[in-house]
Structure formats: structure tokens, C-alpha cells
Amino acid sequence: MSEATLHLGQTLRFDGDPFVDGLAAARHETRGALLVENGKIQAVGPAADLRAAYPWADQVDHGDGLLLAGFVDAHAHYPQTGIIASWGKRLIDWLNSYTFPEEMRFGDRAYADEVAGRYLDLLLANGTTSVCSYCTIHPSSVDAFFSAAAERNMRVLGGKTCMDRNAPEGLQDDAKSAYDDSRRLLEHWHGRGRASYVITPRFSPTSTPEQLEALGALWAENPDCLMQTHLSEQLDEIEWVKSLYPQARDYLDTYESFGLLGEKGLFGHAIHLETREKAKLREVGASLIHCPTSNTFIGSGLFDMAGLKSAGQIVGLATDTGGGSSFSMLRSMAAAYEIGQLRGTPLHAAELLWLATAGSARALHLDNSIGNLGVGMEADFIVMNLASTPAIAQRSSRAQDIWEALFATIMMGDDRAISETYVAGARVAAKS
């Protein structure tokens, strides 16, 4: 039997950024195909052309299913899986009431393994094939995350969360152990299979200047790694940062001063940015990660997607599980649309989908591998049902084009809309 498989259905991919190029950035085939071989996409195009060119390939016909790149979640906390949708707290209270007590449990490798596996299976059921996650301070939480991902052959990114103050004693390391543990984990996991290690100070309020300096040194020694942290999520958080770092020019400066600002930096939230911060982030080419369901659930504020994108910032999209209230990137897209509406700048379905796939992949410096349907890309893709519920079906039946049909699923869809999920060409989740 041939190792090559031709997947038939509608296809949707991007040749550019729809924020810049408009709908011309998208390529939709009402009857398209993907040729997948050895875990990669070997050809994309009209079904008739690919069937004629590759008559020897096995064929899987997905009917009217829409073939898309798997979703890429650019900011999440897998250890918060069990506390998702916890009621009624602002950021700092939420951390103390829910997050920190749960994260204390991840020193137990068996518990970490259980949660990591459950979390990744939830992602795959929701069409997310790659994620960039914070772990906990425990090295075992990192090993559990990458091990579970390797079992599923997923391309993932993550790192040990480092904190040496303003956290419970059982969740604190120190500057030396943060450096040593992170370096040891990086050397073991970075580039192993489909894993990428990310240097991970939680945020400057939970790190001393000494710890931030140590992690900045580690990043300088390993510049091919990404670095992730949080920035300007809530106004009271910003005031807290100012009190802890009185010499800093602004929140961003608490990272910049210690070598934690650069092109491969990922800054979650970035809602309440000052003028200097915006200019510096743009100058270095760092990535801003929009976490819309978290921002509304915890009451953080309204991210300025239109303003930041028009200024040339690099932006990815994320669920921010478990501050975010859903594992589904469809819900993140819907919330991003709603936040755009509140700011008077609603996003088009093409922009939303791009953010959840190619845009997030670009933010993670993986757009040459994932987030799109293109020749040579890793074959992480999904099959979407654009009529997955009666409510969606009756709306999509009236759609005048693919964008109207897709928008109904973005706004009302959930895991039922993801008919099948493929990772490196292998089907790993399907609806019966």
C-alpha cells in the first residue's frame, strides 16, 4: 500500500496576512485536496488536478468537510486544566485562590502525567494541534508535558515556570535553581522530536531581579529558544510592578533591563501598553499574544488588535487555559471578534482564522512548519464540519460564501465542529 494519502474536501489556506492583504491572502477550493506523505504535505490544489497527478495515492474523501491547518494555541497553562472556569476573581486573587493551590500538586509526577494527557487530548478534540504552555516550577511537570506530547507526536512548546517571590513557599525556586533546572530541561527536551523548550519567568512580580537576570543569561546562552512571560494584563498588576521595580521606566523595562526582551520573546496579554513599550516591542520584533476569553473572564481589558496590527506588531491568539474559559480556539476567535466589536474594529472571519493558525505559528517562529496548508509543511490539519449543529446548519445554509459559513461556526461552534484531527498525517481524533 502506498504511504501517500490524498485527502479530498474543501481546502482553505493562506498566502499572506489578511490584516495586510485582505481576502486576497486566502485560497479556498470548494473541491480541493492535500497529498500527505511521511507526515508532511507534498501537494495542495484542486482535487481534479491532484487526483490526475497522483493516481497511485490512497484517497480519503471528506465530502464537504473543510480542511484547515490545525489550530495553534500560543499561550496556555496546562496545569490549570482542572480549575478552568473557576468563579469570580481578578488576576492576583485568582492566582492565590485557584492557580497556586492547583500548581502545588504538580510535584507529583503521576498527577502531572494524568493532567498533561487529559489536556492534550482535549486540545486535539477541539482541533488544536500545537500549543505553547507554561508548566509549573516542578521539573516533573515539564517532563510530563513533553512526554505526553511525544506520545501523541504533537509539536509543542513549553517550559518550567520560574518564581522566587510572591508565591506560596511550595511554589518558589530561587535564581540558581531556576537557571539550573531550566538549563537541564532545555538540554534534554529542546529540539527532541517535535518539542521546543521555552524559557519561562511567570511574570516580573513573582521573580526577583536576580532571577530575571539569571534567566536573561540563560536566554543569551540559548538564543534559538523562545522566552515567554506576561505583560500588562491588568491595571492593578501594573501598579504592583511599579512598586516592586521603582527604577523601571515601565512594565516592559522590568524584562528589558535583564536581557528578557528580544525577537523571540512572547508577551502574553499586552493590553495596557504605554507608548514606549509599543515602540520597543515593535523595534525588536517580539510577539504579543492575545488571550481574549481570559481577558473578559478575569476582567482585564480590551486588547487593541486593530491598532497593534496596523502598527506592525506581531500578534498570536491563545486560549490562556485556565484563566481562559475554553479549550477551544473557536471560542478564542469568537471572543476576539466580540472584543473587536467593543473597540469599534470587528475582525473578519479570515483574520480570525489566520490568527488561530498561521498568525500564531508566526508568533511562535514556527510558520515554516505549522499553521498552514502548504508544500513541505508538517501535516497537522483538521476537518471542520460547517453544519455541526442544527443552529449552525440553518445559518450556514444561507451563506453566500465560505466566510459567512465559517463565521457561523466561529461564533457558535465547539468541539462538535471538528470532525477529524490529524497530527503529522495520522488521524488522532474523530467524531463518531
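The values are calculated or read from the model by the stated rules, or taken from the named source; none is laboratory data. A quick note: this is a predicted structure, and the numbers were derived from the prediction, not measured. FYI the Cβ positions are ideal-geometry reconstructions off the backbone, even for glycines, and counts take in every protein chain you see. These area figures cover heavy atoms from the full protein model, side chains too; ligands, DNA and RNA do not enter into them. Shrake-Rupley method; radii C 1.70, N 1.55, O 1.52, S 1.80 Å.
Mean projected area of the convex hull spanned by the Cα atoms of region 162-229, taken over all viewing directions: 4.4 nm². DSSP beta bridges fully contained in the chain are about 45 percent antiparallel. Could you tell me which of rounded, prolate or oblate describes region 339-414, using a ≥ b ≥ c as the square roots of the eigenvalues of the alpha-carbon gyration tensor, with rounded for a/c under 1.5 and, failing that, prolate when a/b is larger than b/c and oblate otherwise? Taking the square roots of the gyration eigenvalues as a ≥ b ≥ c, region 339-414 is oblate. Remark: region 161-213 carries a charge dipole of roughly 340 debye about the Cα centre, counting +1 on each Lys and Arg Cβ and -1 on each Asp and Glu Cβ. One equal scatterer on each Cα of region 1-137, no solvent, Debye formula: the resulting log10 I(q)/I(0) at q = 0.13, 0.16 Å⁻¹ is -0.76, -0.90.
In region 133-279, taking the dipole from charged Cβ atoms about the Cα centre, the farthest positive-side position among Y255, N153, G191 is held by N153. With θ taken as phi - 60° and the Karplus curve 6.51 cos²θ - 1.76 cosθ + 1.60 applied, the whole-hertz 3J(HN,Hα) list for region 310-316 is 5, 7, x, 6, 8, 10, x Hz, x standing for glycine and proline. Rolling a 1.4 angstrom probe over the protein heavy atoms with all chains in place gives region 168-219 an accessible area of 38 Å² per residue. If you wrap the tightest convex hull around every Cα atom of region 257-324 and split its volume per residue, you get 93 Å³.
Taken over region 95-145, the percentage of Cα pairs per 5 Å bin, counting from 0 up to the bin with the maximum distance, is 4, 22, 27, 23, 17, 7, 0. Solvent-accessible surface of region 1-157, averaged per residue with a 1.4 angstrom probe and all protein chains in place: 38 square angstrom.
Helix 235-244 and the longest principal axis of the C-alpha atoms of the chain enclose an angle of approximately 40°.
Local charge for R51 was computed over the other residues whose Cβ lies under 15 Å away, with Lys and Arg +1 and Asp and Glu -1, and equals -3. Take the Cα of A85, step 7 Å along the line toward its Cβ, and report every residue of region 361-396 whose backbone nitrogen sits under 19 Å from that point. It comes to 389, nothing else.
Restriction of the trypsin sites (Lys or Arg not before Pro) in region 34-121 to DSSP coil positions whose beta-carbon has at most 14 other beta-carbons within 10 angstrom yields R90. Taking a Cβ cut-off of under 10 Å around S360, the surrounding Lys, Arg, Asp and Glu residues balance to a net charge of -1, with basic ones at +1 and acidic ones at -1.
Within the chain, the longest run free of exposed loop sites, counting GluC sites (Glu not before Pro) that sit outside DSSP helix and strand states (H, G, I, E, B) and have at most 16 other Cβ atoms within 10 Å, spans 4-262. Here region 168-208 and region 245-318 have alpha carbon centers that stand 21 Å from each other. Counted by Cβ distance under 12 Å from F146, the other residues give a net charge of +2, where Lys and Arg count +1 and Asp and Glu count -1. Heavy-atom surface analysis with a 1.4 Å probe gives region 1-113 a carbon and sulfur content of 48 percent of its accessible area. What does a probe at D15 reach in region 359-380, counting residues whose amide N is under 15 Å from the point 7 Å along Cα→Cβ? In region 359-380, the label zone of D15 (backbone N under 15 Å from the point 7 Å along Cα→Cβ) covers 373-375. Pairs to check: K280/K309; K40/K264; K242/K278. Give those whose C-alpha atoms are more than 22 Å from each other in this structure. Among K280/K309; K40/K264; K242/K278, the Cα-Cα distance tops 22 Å for K40/K264. D by Stokes-Einstein for region 37-94, Kirkwood Rh over Cα pairs, 37 °C, 0.692 mPa s: 200 µm²/s. Comparing Cα centroids, region 11-29 and region 124-152 end up 30 angstrom apart. With the helix formula -39500 (n - 2.57) applied to DSSP H stretches of n ≥ 4, the chain reaches a computed 222 nm mean residue ellipticity of -10000 deg cm²/dmol.
Using a simple spin-label model with pseudo-atoms 7 Å out from Cα toward Cβ, R398 and R416 lie 1.9 nm apart. Accessible area per residue for region 376-425 is 38 Å², calculated with a 1.4 Å probe on protein heavy atoms, without ligands, DNA or RNA.
Here the Karplus relation 6.51 cos²θ - 1.76 cosθ + 1.60, evaluated at θ = phi - 60°, turns the backbone of region 330-344 into coupling constants of 4, 5, 4, 4, 4, 5, 5, 4, 5, 5, x, 4, 5, 8, x Hz, with x for every Gly and Pro. About its Cα centre, the chain has a charge dipole of approximately 600 debye under the convention of +1 per Lys or Arg Cβ and -1 per Asp or Glu Cβ, with nothing else charged.
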